[in-house]
Amino acid sequence: MGELPLDINIQEPRWDQSTFLGRARHFFTVTDPRNLLLSGAQLEASRNIVQNYRAGVVTPGLTEDQLWRAKYVYDSAFHPDTGEKVVLIGRMSAQVPMNMTITGCMLTFYRKTPTVVFWQWVNQSFNAVVNYSNRSGDAPITVGQLGTAYVSATTGAVATALGLKSLTKHLPPLVGRFVPFAAVAAANCINIPLMRQRELQVGIPVTDEEGQRLGHSVAAAKQGIFQVVISRICMAIPAMAIPPVIMDTLEKKDFLKRRPWLGAPLQVGLVGFCLVFATPLCCALFPQRSP
C-alpha cells in the first residue's frame, strides 16, 4: 500500500465546509458522544498520531481513515490553541448527554419555583464551563468577563422563567411547558454577546484566501455572534418544543398516570433523541468562515 502521503490537510475539516451536508458530517463527528468513553491512553495515542503527522512523521501502517479518526478524537478532547486537555463536561462530545440531562430536568420540573431556579442555574453553570473550555486563543475570556456573563445570563434566565411562569398560571398546562425554552433563549441572547464582548470591541481576524491576516473586523464579529445566537436558539427548539407536546399527551393516558415515576426518564430520553440530531445540524447552519 505504501506510506501515507504528508499532503493531507488535517488543519481543516475532512468534508467540504462550503456545503451544509459537509458541515453536518463534520459536526456529527465533532459532537459524537462516544468520544467521552475513550480512555486517557486512547486520547494520548490520537494526539501522538496527529502531532507526529504535522511534524512530518507518519505512524507505520497508518491509513487515511485512521488519520482522520485520530484528528477528530484529538480535536474532541484537546484545546486547539493551548493544546490542554479540556475538562470532560466542557468537550463538544459532552454537549448531547449533558444538555439531554439538564434540558430534560428543566422540562420536567417546571412547576415549582425552587426547581425552576435550580435547573436554570445548573444550565447556565454548564454553559459557563463550556464557554471557558472552548475559549478563543485570539480573544481569551477573562475571569471578569466570564463572571459577568455567567451572573447576567443566570439572572436573565431565572427572571424570564419566573416571570413567564406567573403569567401562565391561568393558561393551559401545555403553555407552561414552554417556559424553560423562553428562558434558555433569553439567556443565550445575554450570555453569548457578553462572553464575546472583546470581539465586539476589537473585532475578529480577517484573512485573505491564503490565510494571511489582513486586520480585524467588528462588523464580522457582530455577524458571527448573531449567527451563534441563532444557531443556539434553533438547537434548543426541537429538544424543548417537541417533548413537551408528546409528554402533555402521554400524561393524560392511563399508562403514565399509573406510573408517574416514568415521566422524568421518558422526557430526558426524548430530549436526548432530539439533541443527537439538532446539535450537529444547527451547528452546521452557518459556515465557520464567511466571505
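Helical content alone sets the calculated 222 nm signal of the chain at -21000 deg cm²/dmol, taking -39,500 (n - 2.57) per DSSP H segment of four or more residues and averaging over every residue.
Structure remark: mean-square fluctuation, Gaussian network model of the chain, C-alpha springs under 10 Å; the largest value among Ala157, Ala128, Ala41 belongs to Ala41.
Within the straight-line cut-off of under 29 Å between alpha carbons, the lysines reachable from Lys165 are Lys112, Lys252, Lys253, Lys257, sequence neighbours fewer than 8 places apart in one chain being disregarded. Surface exposure of segment 20-85, expressed per residue as accessible area with a 1.4 Å probe, stands at 52 Å². Between Val276, Val143, Val117, the GNM of the chain built on Cα springs shorter than 10 angstrom shows Val143 fluctuating the most. The aspartates and glutamates within cross-link reach of Lys169, meaning a Cα-to-Cα straight distance under 15 Å and a gap of 8 or more places when in the same chain, come to none at all. I'd like the carbon and sulfur percentage of the solvent accessible area for the chain, probe radius 1.4 Å, heavy atoms only, ligands and nucleic acids excluded. For the chain, the apolar C and S fraction of the accessible surface comes to 63 percent. Entry note, the chain: relative contact order of 21 percent, from Cα contacts under 8 Å with a spacing of 6+ residues. Checking (1) 17.1; (2) 19.0; (3) 17.9 against the coordinates, the calculated mean projected area of the Cα convex hull in nm² falls under label (3). Taking the chain as a Gaussian network, where each spring joins two C-alpha atoms under 10 Å apart, which residue of Ser18, Ser152, Ser76 fluctuates the most? Among Ser18, Ser152, Ser76, the largest mean-square fluctuation in the Gaussian network model of the chain belongs to Ser18.
Taking amide hydrogens as placed 1.01 Å from N in the peptide plane, the amide H of Ser217 sits under 5 Å from those of Ile204, Val206, each at least 5 positions away in sequence or on another chain. Amide H contacts under 5 Å for Val86: Phe78, His79, restricted to partners 5 or more places along the chain or on a different chain, H placed in the peptide plane at 1.01 Å from N. When you filter the trypsin sites (Lys or Arg not before Pro) in segment 202-233 for DSSP loop state and at most 15 other Cβ atoms inside 10 Å of their Cβ, nothing is left. Once the 1.4 Å probe is applied to the protein heavy atoms, segment 136-291 comes out at 55 Å² accessible per residue. Ranking Leu6, Ala284, Gly144 by Cα position along the charge dipole of the chain, where only Lys, Arg, Asp and Glu carry charges on their C-beta atoms, puts Gly144 farthest toward the positive end. Counted without the sites themselves, the longest stretch of the chain free of GluC sites (Glu not before Pro) in a DSSP loop having at most 11 other beta carbon atoms within 10 Å is 85-208.
Lys85: which lysines have alpha carbons under 29 Å from its alpha carbon, excluding same-chain residues fewer than 8 sequence positions away? Hits, sequence-local ones excluded: Lys71.
A simple charge model with +1 on the Cβ of Lys and Arg, -1 on the Cβ of Asp and Glu and nothing else charged puts the dipole of the chain at about 1500 debye relative to its Cα centre.
The values are calculated or read from the model by the stated rules, or taken from the named source; none is laboratory data. Just so it is clear, the structure is predicted and the values come from calculations on it, not from any experiment. In this analysis, Cβ positions are derived from the backbone assuming ideal geometry, glycine residues included, and neighbour counts consider all displayed protein chains. To get the accessible areas, we keep the full protein, side chains included, count just its heavy atoms, and leave off ligands, DNA and RNA. Shrake-Rupley method; radii C 1.70, N 1.55, O 1.52, S 1.80 Å.
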